[in-house]
1. I'd like to verify a number: residues in region 48-75 that are part of a helix (DSSP H, G or I), surrounded by fewer than 18 Cβ atoms within 10 Å (Cβ to Cβ) and without any contact (Cβ under 8 Å) to a residue 40 or more places away in the chain, how many?
2. Give the residue that is modelled with the lowest pLDDT, with candidates limited to residues of region 126-148 that are among the acidic types (Asp, Glu) and closer than 29 Å to HIS43 by Cα.
3. Working only within region 70-111, note down all residues that are at pLDDT below 90 and of a type in the set (Val, Ile, Thr).
4. Looking at (1) touching a helix residue (DSSP H, G or I) at 6+ places or on another chain (Cβ under 8 Å); (2) modelled with pLDDT of 90 or more; (3) part of a loop (DSSP other than H, G, I, E, B), can you tell me which one ILE28 breaks?
Amino acid sequence: MTKLLSIAALAFLIGCTTSLDRQVQQVIATPTVRFVDIEKFDHDLTSSLDASFEEVNVVFYDKTSPNNIPPRMQKWIAAIEKNGGVVKITPPPNELTPKDPFVLFGLFGSLFSSAKALFEVREESRFEKVKGRDAVISLARNSAGDVVVEKVNFIKRQKP
């Protein structure tokens, strides 16, 4: 009888930890999502886009060159265009024209050469969350003077 009670108590405790784990794993939607090149980023961004924030900002931990936007982020940007959105690029603040115009050409090149990303976007339903949104890629200069991606904003399109 004692063994049976012990097994029942142990099963109850295991059940409690499983439900706690599920609660911890729930994604909390926020208007700012930090980019980390893992699948959790996709879940976090999907949750934030689904929460109907007017603007969802993606910020980067590491300096990211506009010419080397990670493929995971390229998929989200390609999904904006696939769903009729507009992708805008804003130059670093206080710069009328980029010091190196080839940086912007390189950025356009990297965005349009991501045919593989666009193909993968078609196969995943999570990218449907960007419908009705535009993207703004904000560039900045870091302390070394390099142009880097400061953030990517997913902004709800205003209805005409």
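The values are calculated or read from the model by the stated rules, or taken from the named source; none is laboratory data. A quick note: this is a predicted structure, and the numbers were derived from the prediction, not measured. Counting neighbours? That spans all protein chains shown, and the Cβs are built from the backbone with ideal geometry, glycine included.
1. First, the residues of region 48-75 that are part of a helix (DSSP H, G or I): 48-50, 66-68, 71-75.
Narrowing the set further to residues that are surrounded by fewer than 18 Cβ atoms within 10 Å (Cβ to Cβ) leaves 50, 67-68, 71-72.
Next cut, without any contact (Cβ under 8 Å) to a residue 40 or more places away in the chain only: 72.
Qualifying residue count, region 48-75: 1.
2. Taking the candidates together, the pick is GLU128.
3. Answer for region 70-111, where residues must be at pLDDT below 90 and of a type in the set (Val, Ile, Thr): THR97, VAL103.
4. ILE28 satisfies all of (1) touching a helix residue (DSSP H, G or I) at 6+ places or on another chain (Cβ under 8 Å); (2) modelled with pLDDT of 90 or more; (3) part of a loop (DSSP other than H, G, I, E, B) except (2).
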